[in-house]
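The values are calculated or read from the model by the stated rules, or taken from the named source; none is laboratory data. These numbers come from a predicted model, not from an experiment. Don't worry about glycine lacking a Cβ; one is built from the backbone with ideal geometry, like all the others, and counts go over all protein chains shown. Areas reflect the complete protein model, heavy atoms only, side chains present, ligands, DNA and RNA absent. Shrake-Rupley method; radii C 1.70, N 1.55, O 1.52, S 1.80 Å.
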Amino acid sequence: MLIKKAEAIRSSEITPQSLYLNRRKFLHGAAITGAAAAAGFGLREVALPSATVLAGNKIDGIKKSPLSTTETVTPYKDVTNYNNYYEFSTDKEGPATLAKNFRTRPWKVKIDGLVEKKEELDIDTILKMASPEERIYRHRCVEGWSIVVPWVGFSLSELIKRVNPTSKAKFVEFTTLLDMTQMPGQQRPVLQWPYVEGLRMDEAMHPLTLLCFGMYGEELPNQDGAPIRVVVPWKYGFKSAKAIVRIRFTDKQPQNTWNISAPTEYGFYSNVNPNVDHPRWSQAKERRLGEFSKRPTLMFNGYGDQVASLYSGMDLKKNF
Ligand SMILES: Nc1nc2c(c(=O)[nH]1)N[C@H]1C(S)=C(S)[C@@H](COP(=O)(O)O)O[C@H]1N2
Ligand SMILES: [Mo]
């Protein structure tokens with residue numbers, strides 16, 4: 001109960017920006033109060049988890065983006081302890097611990113397919129391609145929960161322009177690392193590994209589509225997709241692949257992992273759409289992590305003004 005109380009006070013009395021600036025101070029207090037109250041722990045035992053929460057490397061020179069929502073940012077501890085990352089665990093609480101020692105350096109991203117020059121780029125080269133921006137986006141999981149996250153990165157279009165795909169390239173495919181020694185979830189056939197996702201070229205080039213390497217002013221925590229992931233805010237979360245090692249340009253629609261796994265439940269487009277139910281549940285509402293009551297889900301997750309034109313003339317019930 002104390003956790004909820006701390007969050008309620010925070011969302012009503014502190015603006016997202018001041019929350020952001022005071023994050024360390026606030027989280028420390030909230031983590032200790034909340035965890036101690038919930039489990040009856042003494043302060044000494046809960047000091048460790050809160051130190052983990054505070055780990056991370058600050059990213060310098062972040063510019064604020066006009067593309068940000070002004071909605072209340074979800075607390076860092078919720079965003080980093082409730083993750084979908086099947087390479088580590090199918091439990092949402094699992095990845096925070098199981099990804100702790102995941103190695104994100106050295107890290108290379110292979111660029112291939114229909115591109116002028118196939119190459120392998122070092123992660124630190126990619127990070128220097130453009131200046132980092134903070135983009136506060138809504139994120140809606142297909143399972144019915146949502147978060148508001150201050151991601152850090154730059155438009156994927158910056159990288160795409162730099163690597164120069166050929167005119168035949170119609171889609172971009174993203175592949176996550178395959179390494180079952182580091183990713184214990186890959187020892188089980190819960191999905192086809194490695195995790196693959198894809199976007200149509202115009203979706204990938206859209207200014208909202210973020211190549212993301214940080215959140216809350218710091219490098220991405222491993223459980224959120226370090227060292228690099230994409231974030232596509234008008235689509236269900238599974239379109240945003242984590243820990244990317246390969247970006248391939250192609251003329252055919254990529255076969256995305258969730259579509260392979262359950263084609264009647266997860267399409268290629270996966271635009272957030274309150275009017276198209278998941279076969280097993282409604283998509284009309286969502287629960288923001290840390291809140292009690294549900295809120296209506298918005299068409300294209302609220303990004304319709306920016307992205308609806310990409311789909312004009314398409315039947316979004318067929319192309320779900
Ligand atoms: N490689 C990989 N990427 C992934 C997933 C995954 O299991 N593996 N889960 C997806 C799903 S279903 C969601 S909702 C988001 C969650 O991102 P977050 O944990 O940073 O909130 O990551 C997406 N990217
Ligand atoms: Mo998701």
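The figures follow:
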{"item": "Qualifying residue in the stretch 190-198 (condition: outside any loop (DSSP other than H, G, I, E, B) and more than 15 Å from ligand 2 (Cβ to nearest atom))", "result": "yes"}
{"item": "Boolean, PRO165 is in contact with a helix residue (DSSP H, G or I) (Cβ under 9 Å, 6 or more places away or on another chain), open to solvent by 10 Å² or more (accessible area, probe 1.4 Å) and within 25 Å of VAL79 (Cα to Cα)", "result": "no"}
{"item": "Qualifying residue in the stretch 104-111 (condition: more than 16 Å from ligand 2 (Cβ to nearest atom), crowded, with 16+ Cβ neighbours inside 10 Å and farther than 16 Å from ARG246 by Cα)", "result": "no"}
{"item": "Criterion: within 15 Å of ligand 1 (Cβ to nearest atom), on the phi > 0 side of the Ramachandran plot and open to solvent by less than 10 Å² (accessible area, probe 1.4 Å) - qualifying residue of GLY214, GLY198, GLY290, GLY225", "result": "GLY225"}
{"item": "Test: residue in the stretch 246-253 that is surrounded by 24 or more Cβ atoms within 10 Å (Cβ to Cβ) and on the phi > 0 side of the Ramachandran plot", "result": "no"}
{"item": "Checklist (1) closer than 25 Å to THR125 by Cα; (2) of a type outside the set (S, T, N, Q); (3) open to solvent by less than 30 Å² (accessible area, probe 1.4 Å) applied to LEU191, failing item", "result": "(1)"}
{"item": "Options THR104, THR72; residue that is outside any strand (DSSP E or B) and in contact with a strand residue (DSSP E or B) (Cβ under 7 Å, 6 or more places away or on another chain)", "result": "THR72"}
{"item": "Residue identified as under 24 Å from ASP202 (Cα atoms), open to solvent by 30 Å² or more (accessible area, probe 1.4 Å) and more than 16 Å from ligand 2 (Cβ to nearest atom) among GLU119, GLU134", "result": "GLU119"}
{"item": "Residues located in the stretch 147-172, provided they are within 13 Å of ligand 1 (Cβ to nearest atom) and within 18 Å of LEU121 (Cβ to Cβ)", "result": "GLY153"}
